[in-house]
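Asks: This is the structure I have questions about; it appears just below.
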Amino acid sequence: MKLKAVIAGGGTGGHIFPAIAIAAALEKQVPGIELLFVGANGKMEMEKVPAAGYKIIGLTIAGFNRSNIFKNITLPFKLIKSFFQVRSILASFKPDFVVGVGGYSTFPVLKMAQAKGIPTFIHEANSFAGKSNQMLTKNATAIFTGTGGMETFFPVNKLFVTGNPVRENIIAASHTREAAHHFFGLNPNKKTILIVGGSLGANSINEVILKNLDGFASLNLQLVWQTGKTNAAKYAAAATNHANIWVGAFISEMDMAYAVADTVISRAGAMSVAEICVAAKPAVFVPYPFAAEDHQTANANYLVQKNAALLVPDAAADTTLFDTVTALALNSTQQETFIKNLQPLAIKNAAEVVVAKILENVRA
C-alpha cells in the first residue's frame, strides 16, 4: 500500500530544514511515498520547500504580534479560516500520518488530523518547546526532541530523544577547500570566516562585521557573510570594494559554506548548533538574547563546556566579537582542539531514527 504523509510547519530555517531532512529520509525508507508540505503564506517555507523539490500548500495564518497588539485583531479569523483550509487538504490528500515541526501551520494541521484520528508526530528541535507543540502533546502519537531533558514539556511515554535532523547535503558534503573557495570567488590560501545570522540576519553580528571590514582585511582574513534580508543592500554596498568578502542575503548552498569556512560566527539556534557539530567547524556563538528561556545560550554553552566552541553574549558583541573571532581564526591549535571535540557531538542519523520510529507506529 502506498503511504501518504503531510509535513506541517515552518517560519524559520530551524523548522524548515529538519522538515526537509525528514522528508528525504521518508523517501529513502519508503520508496514511492507521497509527501505534501503545509506552511504559512508569506513565510520562507513557501520558497525553500519547492526549491528542495516538494509540493507545499500555504495556509492563511499568522502568529501573535507582540510588538503591535492591534495587528492581532484579524488573528482569530485567520485561524478559523486555516482550519477550514486544513480540513479540505486532509479530505482530498488523505494522509496516513502527519508530522509537525513547529511554526504557525503546525497547530491547525495536527489538531485537525488528531480530531480525525490520523496519527501525528512532533519534532521539537529546541531545548524549550514551542507553544504549538506543547498544545498538541496530549493526542500526539510520538514526540521527537533534539535534546534530552524535555520531560517538562512532554510525557515520558511518548518522548524519544533523536537529535536534530540535518540536511543530507551537509552530512554527505565532500567538497574540497579549493572548490568551495572557487564557488565563492575567494582565495584558498587565506583563512576564511563564515558569518551566518539567520534568514532575517543578526543585527548585532552584522554591525560588528560592518565596522571591522578593514580590520579583517589587515589580518589577511576572508569573509563569507550571510547578512539575512534585513538591511542586506546596506551591507552589500559596504563590501563592494573588498575583494576578500563574499556577501549575500542568503546562502542556499550551506554545504559549500561550511566547506569554505575555517571558523564560523553564528547564532545558537538548535539547527545551527547541530549543523556546526556535523560540519565540525570551530565556532563563536552569539546567542539571540530574546529566545524563549534564553535557550540559545544553553545550546551554545553545551559546546563551550565541552571545549568545542566559544560564546560571546549579544550585549558584548560590539566590544569583544571581532577580537574573539579573529584570535580563533588565527589560532590553528585551538581550531584543531575544537574540531576534535565537536566530532563526537555530531548526530548524523537523526532523520533516519525519526522516520524509523514513525514507521514503527504507523505499521503497527
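Asks: Taking the condition of being part of a helix (DSSP H, G or I) and free of Cβ contacts under 8 Å to residues at least 24 places away in the same chain, how many residues in the stretch 163-201 meet it? Please lay out each step first, then the result.
Replies: Looking only at the stretch 163-201, we keep the residues that are part of a helix (DSSP H, G or I), and these are 168-171, 177-184.
Checking which are free of Cβ contacts under 8 Å to residues at least 24 places away in the same chain leaves us with 178, 182.
So the count comes out to 2.
Asks: Additional query: Would you confirm, using the coordinates I've provided, whether I143 is of a type in the set (V, I, T), out of contact with any Gly (no Cβ under 8 Å at 6 or more places or on another chain) and within 19 Å of A19 (Cβ to Cβ)? Working first, answer last.
Replies: Working: of a type in the set (V, I, T): yes; out of contact with any Gly (no Cβ under 8 Å at 6 or more places or on another chain): yes; within 19 Å of A19 (Cβ to Cβ): yes.
So I143 passes the test.
Asks: Looking at the stretch 274-298 only, could you name the residues that are part of a helix (DSSP H, G or I), surrounded by 17 or more Cβ atoms within 10 Å (Cβ to Cβ) and not small (G, A, S)? So that I can check it myself, show each step before the final result.
Replies: Filtering the stretch 274-298 down to residues part of a helix (DSSP H, G or I) leaves 274-279, 292-298.
Checking which are surrounded by 17 or more Cβ atoms within 10 Å (Cβ to Cβ) leaves us with 274-279, 295-298.
Across the stretch 274-298, the qualifying residues are E275, I276, C277, V278, H295, Q296, T297.
Asks: Let me ask another. Given the residues A316, A270, A280, which is the only one that is free of Cβ contacts under 8 Å to residues at least 40 places away in the same chain and either out of contact with any Ser or Thr (no Cβ under 7 Å at 6 or more places or on another chain) or not β-branched (V, I, T) (or both)? Steps first, please.
Replies: Working: A270 fails: free of Cβ contacts under 8 Å to residues at least 40 places away in the same chain; A280 fails: free of Cβ contacts under 8 Å to residues at least 40 places away in the same chain.
Selected residue: A316, the only one of A316, A270, A280 that is free of Cβ contacts under 8 Å to residues at least 40 places away in the same chain and either out of contact with any Ser or Thr (no Cβ under 7 Å at 6 or more places or on another chain) or not β-branched (V, I, T) (or both).
Asks: Evaluate the following for T141: is it without any contact (Cβ under 8 Å) to a residue 24 or more places away in the chain and either farther than 22 Å from E253 by Cα or not β-branched (V, I, T) (or both)?
Replies: Values: without any contact (Cβ under 8 Å) to a residue 24 or more places away in the chain: no; either farther than 22 Å from E253 by Cα or not β-branched (V, I, T) (or both): yes.
It is false that T141 is without any contact (Cβ under 8 Å) to a residue 24 or more places away in the chain and either farther than 22 Å from E253 by Cα or not β-branched (V, I, T) (or both).
Asks: Output the residue which, of all residues in the stretch 202-237 that are part of a loop (DSSP other than H, G, I, E, B) and over 24 Å from the mean Cα position of the chain (by Cα), is nearest to A317 (Cα to Cα). Before you say what the answer is, go through the steps one by one.
Replies: Step one: list which residues in the stretch 202-237 are part of a loop (DSSP other than H, G, I, E, B), which gives 202, 212, 219-220, 227-231.
Checking which are over 24 Å from the mean Cα position of the chain (by Cα) leaves us with 212, 219-220.
On the way: N212: 12, L219: 19, N220: 22 Å.
Looking at the filtered set, the residue picked out is N212.
Asks: On to the next question. When residues of the stretch 144-162 are filtered for being of a type outside the set (S, T, Y), touching a residue at least 60 places away in the same chain (Cβ under 8 Å) and part of a loop (DSSP other than H, G, I, E, B), how many remain?
Replies: Residues that pass the stated criteria total 1.
Asks: Could I ask something else about it? Of these, G117, G130, G103, which one is assigned by TED's automatic domain parsing to the domain that holds L79, out of contact with any helix residue (DSSP H, G or I) (no Cβ under 6 Å at 6 or more places or on another chain) and closer than 21 Å to A268 by Cα? Steps first, please.
Replies: Numbers: G117 fails: closer than 21 Å to A268 by Cα; G103 fails: out of contact with any helix residue (DSSP H, G or I) (no Cβ under 6 Å at 6 or more places or on another chain).
Checking each option against the conditions leaves just G130.
Asks: Another question, if that's okay. Among (1) surrounded by 15 or more Cβ atoms within 10 Å (Cβ to Cβ); (2) under 20 Å from N169 (Cα atoms); (3) modelled with pLDDT under 95, there is one condition N301 misses while meeting the rest; what is its number?
Replies: The single condition N301 does not satisfy is (2).
Asks: Moving to a separate point now. Please state which of the following conditions K340 fails to meet, knowing it meets all the rest: (1) under 24 Å from G11 (Cα atoms); (2) among the basic types (K, R); (3) part of a helix (DSSP H, G or I).
Replies: Just one mismatch for K340, condition (1).
Asks: Every residue in the stretch 114-127 that is at pLDDT below 95 and either of a type in the set (V, I, T) or in contact with a Phe, Trp or Tyr (Cβ under 8 Å, 6 or more places away or on another chain) (or both), please. Step through it out loud before you land on a result.
Replies: Here is the first cut: in the stretch 114-127, the ones at pLDDT below 95 are 124-127.
Selection gives E124 alone.
Asks: Criterion first (outside the structural domain of G102 (by TED's automatic domain parsing), over 24 Å from the mean Cα position of the chain (by Cα) and part of a loop (DSSP other than H, G, I, E, B)) does N139 satisfy it? Step through it out loud before you land on a result.
Replies: On the way: outside the structural domain of G102 (by TED's automatic domain parsing): no; over 24 Å from the mean Cα position of the chain (by Cα): yes; part of a loop (DSSP other than H, G, I, E, B): yes.
It is false that N139 is outside the structural domain of G102 (by TED's automatic domain parsing), over 24 Å from the mean Cα position of the chain (by Cα) and part of a loop (DSSP other than H, G, I, E, B).
Asks: While we're looking at this one, here's another question. Could you list, in sequence order, all residues of the stretch 99-126 that are touching a residue at least 60 places away in the same chain (Cβ under 8 Å), within 19 Å of P155 (Cβ to Cβ) and either charged (D, E, K, R) or not in a loop (DSSP other than H, G, I, E, B) (or both)?
Replies: V99, G100, T106, L110, A113, F121, H123
Asks: Criterion first (assigned by TED's automatic domain parsing to the domain that holds N206, surrounded by fewer than 19 Cβ atoms within 10 Å (Cβ to Cβ), closer than 27 Å to G130 by Cβ and out of contact with any Lys or Arg (no Cβ under 6 Å at 6 or more places or on another chain)) does A315 satisfy it? If you could, list the steps in order and put the result at the bottom.
Replies: On the way: assigned by TED's automatic domain parsing to the domain that holds N206: yes; surrounded by fewer than 19 Cβ atoms within 10 Å (Cβ to Cβ): yes; closer than 27 Å to G130 by Cβ: yes; out of contact with any Lys or Arg (no Cβ under 6 Å at 6 or more places or on another chain): yes.
When the stated conditions are applied, A315 passes them.
Asks: A follow-up question, please. Scan the stretch 214-232 for residues that are buried (at least 20 other Cβ atoms within 10 Å of the Cβ), modelled with pLDDT under 95 and polar (S, T, N, Q) and jot them down.
Replies: none
The values are calculated or read from the model by the stated rules, or taken from the named source; none is laboratory data. Predicted model only: the values in this text are computed from it and were never measured. Please note: Cβ atoms are built from the backbone with ideal geometry, for glycine as well, and neighbour counts cover all protein chains shown.
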